[in-house]
Amino acid sequence: LVFPSTKKLLLISLITISRGHLPARTRGVMLCMSKTKENPGRPFFRCVSKRDPSSWEKNDGHLFKWVEEGVLEQVEDVIPIINNMSDEINGLKGVIEELKGDAKVHKMQVMKWKLGSSVIIVWLCLITIMIFYLMFGKANDHNLLVW
């Protein structure tokens, strides 16, 4: 039995070539079901050029692989990648914690600058008021004395 779906053939090809190569004479891959007594209904991959089961021979240079073997290879290939990703995730968690600490420090610095700016503005306002008072307040007092 051949499953003609393009998506399934793509998946099959990916699973089959998970170890990086196909046998030399393999031109494509199809999914078949075993009809033998030993493996009834067991799915396997087979080279598309070997559609006729009577032409199948062991080690004929064409692909033959049980589906579960291809899936197992995929899982074995993915485990180191997952472990590496786990290490990277842990490293990124550390970076995130450092950035959170930096953010807290910067937030405190911003609050200090805001407070300092407010104090400076208040002092500038008081100095401006004093200057106006000294300039115009004394001048009015002086004018009163002259009259």
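Each value in this text was obtained by applying a stated rule to the coordinates, not by laboratory testing. What you are looking at is a predicted structure, and each value in this text was computed from that prediction instead of being measured. With ideal geometry, Cβ positions are generated from the backbone for all residues, glycine too; neighbour counts draw on all protein chains shown.
List every residue whose amide H lies under 5 Å from the amide H of VAL29, counting only residues 5 or more places away in sequence or on a different chain, with H placed 1.01 Å from N in the peptide plane.
Here VAL48 satisfy the definition.
For ARG42, what residues show an amide H to amide H distance below 5 Å, using hydrogens built from the backbone and excluding near sequence neighbours?
Correct list: SER34.
Which of GLY70, GLY116, ASN84 sits closest to the plus end of the dipole of region 62-121, meaning its Cα is farthest towards the positive end, when Lys and Arg get +1 and Asp and Glu get -1 on the C-beta?
Of the candidates, GLY116 comes out farthest on the positive side.
What distance in nm separates the simple spin-label points at THR128 and MET33, each placed 7 Å from Cα in the Cβ direction?
8.8 nm
Return the FRET efficiency for the residue pair LYS112, ILE81: r is the Cβ-Cβ distance, R0 is 41 Å, and the value is rounded to the nearest 0.05. Kindly include the intermediate steps, with their values, before the conclusion.
Values: r = 46 Å, r/R0 = 1.13.
E between LYS112 and ILE81, to the nearest 0.05, is 0.30.
Between VAL48 and VAL105, what is 0.36 nm times their sequence separation minus the Cα-Cα distance? Round to one decimal in nm.
Details: separation 57, 0.36 × 57 = 20.52 nm, distance 6.44 nm.
That works out to 14.1 nm of additional length.
Go through region 118-127 residue by residue and turn each phi into a ³J(HN,Hα) via Karplus (6.51, -1.76, 1.60, θ = phi - 60°); whole Hz please, and just put x for glycine and proline.
Values, residue by residue: 4, 5, 4, 4, 4, 4, 5, 5, 4, 5 Hz.
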